[in-house]
Amino acid sequence: MLSYLHGYHAGNFADVHKHCTLMLLLKKLHAKNTPITYIDTHAGAGLYALDDEKAEKTRESQQGVDALLASKTGITHSAITEYLHLLASVRVSKQHTLGEHAYPGSPAIAQALLREQDFGILMELHNNEVGKLKQHFKRDTRLSIHHRDGFEGLAALTPPSTARGLALIDPSYELTSDYHQLISSLQTATARWRTGVFAVWYPILAGEKNHADFIKRKLAQLDVASVLNSELHIYTKEENDGMIGSGMAIINAPWQLDTELESLLPELETLLAQSSKVKNKVEWLKEKA
């Protein structure tokens with residue numbers, strides 16, 4: 001089932017949470033000069049236009065990146081300011097034709113931050129999306145693009161050539177089976193790449209379709225050193241019947257990432273929450289022994 005297109009959701013509050021966390025992770029990994037490999041299992045098109053038909057139809061960016069851009073005060077965390085600076089640089093870039101409404105997906109954010117000695121592996125199964133992905137990043141020799149299933153690819157392509165690195169896994173979760181495939185793929189990949197950092201995004205939904213607790217329970221049971229989790233809620237389940245929050249679970253989290261997230265989440269809540277009743281949290285699902 002390949003009906004999901006991220007263009008409908010680009011720039012929403014979950015993207016902001018995910019992308020700020022991604023930037024923190026890459027910054028941590030760049031503390032050492034040795035090369036890293038970045039793996040993106042569900043890369044999508046990599047770049048989007050927030051003024052196109054898909055984005056205009058849902059207007060989800062209004063509760064995400066547009067809210068950050070509209071805020072004149074209250075932005076102090078370096079992860080958010082650096083995120084907005086990166087967005088501004090993408091919008092004036094000559095490497096694409098999307099113009100001033102361009103929005104970087106996770107591949108574009110990683111591309112901007114990867115160093116000369118680093119590598120990137122981008123995977124996408126959707127035929128149209130992978131075509132756009134190749135078009136957007138074809139000139140960057142650091143990046144390899146694979147037209148394949150991300151769950152299968154993660155297990156098959158680990159460990160990469162570098163000892164250190166980061167894998168971002170953010171499927172659409174259109175199918176309930178995605179949750180089970182996620183865990184199966186991680187069981188294989190984490191066993192093969194013990195030194196890798198794995199960032200798992202998941203939706204927090206209202207009602208019976210919410211599988212956040214399942215994901216957290218299964219991640220905590222993995223044979224890994226640690227699992228750090230952060231959740232950004234913008235609604236309570238009583239106030240909205242759709243996606244009410246965003247989760248980011250980090251396997252083998254770098255040192256002091258928990259401290260960074262503990263300062264980031266309250267600021268994102270202040271800027272993005274649509275309710276005064278939400279409770280966001282950063283917690284260890286599995287602490288280092």
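Using only the alpha-carbon atoms, what does segment 101-224 span along each of its principal axes? Please give whole angstrom values in decreasing order.
That works out to 43, 35, 22 Å along the principal axes.
Which entry in (i) 6, 28, 36, 22, 6, 1, 0; (ii) 6, 30, 40, 22, 2; (iii) 7, 28, 36, 19, 6, 4, 1, 0 is this structure's computed P(r) over Cα pairs in 10 Å bins from 0, in percent?
Among (i) 6, 28, 36, 22, 6, 1, 0; (ii) 6, 30, 40, 22, 2; (iii) 7, 28, 36, 19, 6, 4, 1, 0, the one calculated here is (ii).
Output the relative contact order of the chain, whole-number percent, from Cα pairs under 8 angstrom with separation of 6+ residues.
Rounded, it is 21 percent for the chain.
Just tell me, in residue order, which DSSP H segments of the chain are both 15 angstrom or longer along the helix axis (alpha-carbon based) and at least -1.0 in mean Kyte-Doolittle hydropathy.
Both cut-offs are met by 13-29, 78-91, 177-192, 257-272.
For segment 1-145, what value does the Rg/Rh ratio take when both radii are computed over Cα atoms and Rh is the Kirkwood radius, given to two decimals?
0.95
Count the net charge of all other residues whose Cβ sits under 10 Å from the Cβ of GLU260, scoring Lys and Arg as +1 and Asp and Glu as -1.
Residues close to GLU260 contribute a combined charge of 0.
Specify which residue in the list PRO254, ILE109, ILE234 is farthest towards the positive end of the charge dipole of the chain, using unit charges on the beta carbon of Lys, Arg (+1) and Asp, Glu (-1), about the Cα centre.
PRO254
When DSSP beta bridges are limited to those with both residues in the chain, what percentage is antiparallel, rounded to the nearest 5?
Antiparallel bridges: around 60 percent, rounded to the nearest 5.
Rank the residues ILE215, ILE80 as a footprinting-exposure proxy: fewest other Cβ atoms within 10 Å of their Cβ go first.
By the 10 Å Cβ count, ascending: ILE80, ILE215.
Within segment 15-123, report the GluC sites (Glu not before Pro) that DSSP leaves as loop and that have at most 15 other Cβ atoms within 10 Å.
Hits after loop and neighbour filter: GLU116.
Only the coordinates and a few stated rules stand behind these numbers; no lab work does. The shown structure was predicted, so the numbers you read here are calculated from the model rather than taken from an experiment. Neighbour counts are summed over all protein chains in view; Cβ atoms, including those assigned to glycine, are modelled from backbone coordinates with ideal geometry.
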